[in-house]
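Engineer: Pasting in a structure now, in structure tokens, and then I'll have a few things to ask.
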Amino acid sequence: MKNYQLNSEMKNWLIVLVSLLIVVTFSYNSSGQEKPPRPVGLYLRNAKNLEFGAFAVSPGGAGGTVTVSPGGGRSFTGDLININLGYSYSPALFEIEGNAGTLVQFANEQSGGYPMTGSHGGTIYIHFYNFGVDSSTGNPFIITTTSPSRMIFQVGGTLVVGNTGANPPGDYSGTFSITVVQQ
């Protein structure tokens with residue numbers, strides 16, 4: 001076995017060669033990486049309003065709640081009576097468009113619910129019942145459609161209604177906000 005010794009000039013060339021290989025390797029690896037994904041843009045549209053239909057507080061009653069579920073069912077608690085006057089009830093219907101695979105979550109509602117003002121005075125409060133995508137996937141959920149297709153989700157709610165002194169008969173309306181957090 002022969003023992004080779006490098007003179008100083010050969011050592012310098014070897015160091016330069018190794019340095020070049022390292023630079024070329026780092027250059028190649030950094031240019032071979034994928035670019036980060038573009039920011040996800042979300043499109044959200046209200047396609048149908050949340051509607052509770054017609055109901056009344058029974059005479060002398062203390063009030064109660066009326067709930068419309070994301071699936072479209074309606075229920076009452078307390079002293080509320082269903083009045084069948086042809087007014088429809090339904091969950092709110094929204095369309096969302098974004099990149100498939102985007103995780104979407106709805107932030108909590110404001111404390112105390114959202115006020116709904118009556119045409120003859122009074123205020124009732126709406127609380128979100130639940131968020132249901134196609135009435136089943138809940139919150140959070142993953143967008144499964146590919147743009148330009150839109151995914152549908154439904155939002156139900158619960159109204160807290162007081163007695164007829166606090167909440168006289170009439171039409172109640174208001175707005176609520178939905179805060180969407182994408183991850």
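Engineer: Just to confirm a number: summing +1 for Lys and Arg and -1 for Asp and Glu over residues other than residue 97 whose beta-carbon lies under 9 angstrom from that of residue 97, what do you get?
Structural biologist: Here the count lands on +1.
Engineer: Shifting gears a bit: Tell me, how many Å apart are the Cα centres for the stretch 45-112 and for the stretch 155-180?
Structural biologist: Here the answer is 9 Å between Cα centres.
Engineer: Could I ask something else about it? Please list, ordered by chain and number, the residues whose modelled amide H lies under 5 Å from the amide H of residue 102; skip anything fewer than 5 residues away on the same chain.
Structural biologist: Here the answer is 143, since their amide H atoms fall under 5 Å of that of residue 102.
Engineer: Compute the length gained on full extension between residue 144 and residue 103: take 0.36 nm times their separation in residues and subtract their Cα-Cα distance, giving the result in nm to one decimal. Don't skip to the end; give the middle numbers.
Structural biologist: Working: separation 41, 0.36 × 41 = 14.76 nm, distance 0.97 nm.
Taking residue 144 through residue 103 to full extension adds about 13.8 nm, to one decimal.
Engineer: Continuing with this model, one more query. In a shell of Cβ-Cβ distance under 15 Å around residue 85, excluding residue 85 itself, what net charge do Lys and Arg (+1) and Asp and Glu (-1) give? Before the final figure, lay out the partial values.
Structural biologist: On the way: positive: 74; negative: 51, 171.
Around residue 85, the surrounding residues sum to -1.
Engineer: Provide the per-residue ³J(HN,Hα) series for the stretch 97-103, in order, calculated from phi with Karplus coefficients 6.51, -1.76, 1.60 and θ = phi - 60°, each as a whole number of Hz, with x at glycine and proline positions.
Structural biologist: 3J(HN,Hα) across the stretch 97-103, in whole Hz: 10, x, 5, 4, x, 6, 7.
Every read-out reported here was derived from the displayed coordinates using simple, explicitly stated rules and does not represent laboratory data. Quantities reported herein were computed from a predicted structural model and do not represent experimental measurements. Cβ sites come from the backbone with ideal geometry, for glycine too, and all protein chains shown count toward neighbours.
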